[in-house]
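Note sheet for the following structure.
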């Protein structure tokens, strides 16, 4: 018997105001718990339709065509398209509070719910069946012109994901990989059957259902593409109305969007009529924009900036969440480089005073151990506290330059070595690497720091063409099952790790993530301990970041993202109280 799982611009802000007194009259925030941190949530009113929501983008949108890049790198796709399933909105802070939605579903399938899939089933170990939600239409613009989405569109989209050389699934599961689907078939207008190897059923269910947006084939028919905003057509809640490079993206609600708010049955979403995202690369300008009410909310602010704003404006709601750590890595795949020797990697860890960085650089507002998984309730089944780690692994968190020198000598580098490290130009990353370089120089390791413009840095990252060392965000806390920092075939494996142990864990993930979650969580927890002990990366302590919002933006509560990597998908559930905003003088 089959089993079924249901389920322009703000350049005018150059005249920066240094402060703005509180506009008064707001309700004092009520403290609540965050992800190991703190928050202040303003009372939620009943949903309201209409108005314009405004937030910001730290950099311009440059990638439009999901046939030429991984979906998550196509900035518009979460606004304009849908996936088979996403995060279960009823389980977040607005509902049962089973998750804070800090970093998505973090590999826990119990936090997922159907989106444009009505349901799914696994009739046997080699079959995944998706039942397509009926009555979902592509946006009413050429070339789709509002036609209904069907199973044929799913087959086309899934086939593209696994057979287009620029797509994530193609590169992660390339031709010849035994985990790939063996067939993708529309058995009728609203049913898709996917045949997969038994050992990969679970991971394929996730890749197809939660990491792949269903697309409109007509856009690419006859050599077409989706390289400009006016060619974007999906089934999603937002239609791109206008885009000005370096200025703003203007979106309007899709009047034909199918979805209802699961916490307010009968309410069609989106609630807001329009969504504006201003391109504001400059931090000072962003802070002024939130201070003066030009932005309804801002995410991922650093400690000092958030504390300053909160001290000036008592009406702001706030929530802090754990960030993702940045790591320093050396390529372990090149035998001529020193990083293949674990003693060198251990020496680099011991040479850096992480407790000092946390205390002084991060003002104590962070966590010492948050790699490869951070602390917090969403990761409780993965995370191993410091005191439970093996003693030799705990030692790697201590500052011991003398032992670092000893290990370097044992590895054949008694006088240290010199290496080139590539760093993104965005602040504060060059400063952070300069700080690490100062520590490492004391044990004889000299870093030549090359600061790369972000676009170039990203292209080097995607091509895995870094020369020797790399400094970047530790990826994957949103879904540890992806093994983004350790799987040999993944471009975000910055240290170029190729260890058979991770293949064994990958097999367990594919077999157990859906069918036997307890086994899956146990193996992932063990993998975290193993990864720390191997010291593939020199990890930094992790700061908390802050999400701030004005009280007229409602139903927000500081969410980071939902689902697999749905950073923007939940915007459709927010609403604006324009009357409150006007009454507060904005």
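Per-residue answers, yes or no, for (1) within 14 Å of residue 330 (Cα to Cα); (2) at pLDDT 95 or above; (3) touching a strand residue (DSSP E or B) at 6+ places or on another chain (Cβ under 6 Å):
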residue	(1), (2), (3)
390	no, yes, no
396	no, yes, no
400	no, yes, no
413	no, yes, no
416	no, yes, yes
429	no, no, yes
444	no, yes, no
461	yes, no, no
464	yes, no, no
Discussion item. Based on this model, can you work out whether residue 510 counts as in a loop (DSSP other than H, G, I, E, B), touching a helix residue (DSSP H, G or I) at 6+ places or on another chain (Cβ under 7 Å) and over 30 Å from residue 341 (Cβ atoms)?
Written reply: no
Worksheet item: Within the range 133-140, is there a residue that is at pLDDT below 95 and surrounded by fewer than 21 Cβ atoms within 10 Å (Cβ to Cβ)?
Response: no
Worksheet item: Has the range 319-340 got at least one residue that is in contact with a helix residue (DSSP H, G or I) (Cβ under 8 Å, 6 or more places away or on another chain), part of a helix (DSSP H, G or I) and either in the same structural domain as residue 58 (by TED's automatic domain parsing) or buried (at least 21 other Cβ atoms within 10 Å of the Cβ) (or both)?
Response: yes
Worksheet item: In the list 434, 404, 409, 419, which residue meets the criterion of being in a helix (DSSP H, G or I), assigned by TED's automatic domain parsing to the domain that holds residue 472 and closer than 30 Å to residue 59 by Cβ?
Response: 434
Response to the item:
Inside the range 52-101, the number of residues satisfying the requirement of being part of a loop (DSSP other than H, G, I, E, B) and under 27 Å from residue 578 (Cα atoms) is 8
Worksheet, complete the sentence: When (1) farther than 20 Å from residue 553 by Cβ; (2) modelled with pLDDT of 95 or more; (3) under 24 Å from the mean Cα position of the chain (by Cα) are applied to residue 281, the one that fails is (2)
Worksheet item: Hey, residue 513 hits all of (1) surrounded by 23 or more Cβ atoms within 10 Å (Cβ to Cβ); (2) outside the structural domain of residue 379 (by TED's automatic domain parsing) but one; which does it fall short on?
Response: (2)
Worksheet item: Is one or more of the residues making up the range 548-556 on the phi > 0 side of the Ramachandran plot, modelled with pLDDT of 95 or more, in contact with a strand residue (DSSP E or B) (Cβ under 8 Å, 6 or more places away or on another chain) and not assigned by TED's automatic domain parsing to the domain that holds residue 413?
Response: yes
Item to complete: Kindly establish whether residue 240 is touching a helix residue (DSSP H, G or I) at 6+ places or on another chain (Cβ under 8 Å), assigned to a strand (DSSP E or B), within 23 Å of residue 509 (Cα to Cα) and at pLDDT 95 or above.
Response: no
Worksheet entry | The lone exception for residue 31 - which of (1) more than 19 Å from the chain's Cα centre (by Cα); (2) at pLDDT below 90; (3) closer than 29 Å to residue 511 by Cα it fails | (3)
Fill in: Scope the range 513-535; condition under 25 Å from residue 391 (Cα atoms) and not in a helix (DSSP H, G or I); matching residues
535
Practice prompt. Please find, among 377, 385, the residue that is within 24 Å of the chain's Cα centre (by Cα) and modelled with pLDDT under 95.
Written response: 377
Practice prompt. Report yes if some residue within the range 284-293 is in a loop (DSSP other than H, G, I, E, B) and not assigned by TED's automatic domain parsing to the domain that holds residue 495; otherwise report no.
Written response: yes
Item to complete: Working only within the range 267-283, note down all residues that are within 19 Å of residue 577 (Cβ to Cβ), touching a helix residue (DSSP H, G or I) at 6+ places or on another chain (Cβ under 9 Å) and in a strand (DSSP E or B).
Response: 275
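The values are calculated or read from the model by the stated rules, or taken from the named source; none is laboratory data. Note that the structure is a prediction, hence the values are computed from the model and not measured. In this analysis, Cβ positions are derived from the backbone assuming ideal geometry, glycine residues included, and neighbour counts consider all displayed protein chains.
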